Amino acid sequence: MGHRSAHYFLWFILFGLIAGAASLFSKDHSIASSEAIWLLVSGVLGILVTQKWLNDGKFAQIYDFIIGVIFTLAGLVALLQIFASNLVSGLGSLPGGLVTKTTIIGLSLGLLPGIVHLVLGLQSLNHGLRSGK
């Protein structure tokens, strides 16, 4: 569980807090960007579910799998969007603006954020697919 906890701790610190600080110091001076909220909340939840006091850390594997799938798919769509510019244009009719030209479920479709999402997602999937290690 040590490696898994470190993964989410670094996720929270490096990506959650940095994204939050970048949003805070942007034009609107708000931490309410969806990207920052996704990274902060998923990092904190990752830290919490890996703790021994919470059901002996048994929620960690399912959390790893779910968050890994979300971030991996967002990262793959972002990278594919870079190469095929009209990839998400047909998905704009989804309810609540889940997919726009620049975001998918609130996660950015830019090149650098897409790479970050893909790496974080694949690392979480790696943890989630290992059997309890």
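Laboratory data are not the source of any read-out in this text; all were calculated from the coordinates shown. This structure is a prediction, so every number in the text was calculated from the model and none was measured. Glycine also receives a Cβ, built like all others from the backbone with ideal geometry; neighbour counts cover every protein chain displayed.
Descriptive notes on the structure:
- Residue check for residue 47: of a type in the set (Val, Ile, Thr) and under 16 Å from residue 114 (Cα atoms): no
- Residue-level check: of (1) touching a residue at least 12 places away in the same chain (Cβ under 8 Å); (2) in contact with a helix residue (DSSP H, G or I) (Cβ under 9 Å, 6 or more places away or on another chain), residue 34 misses just (2).
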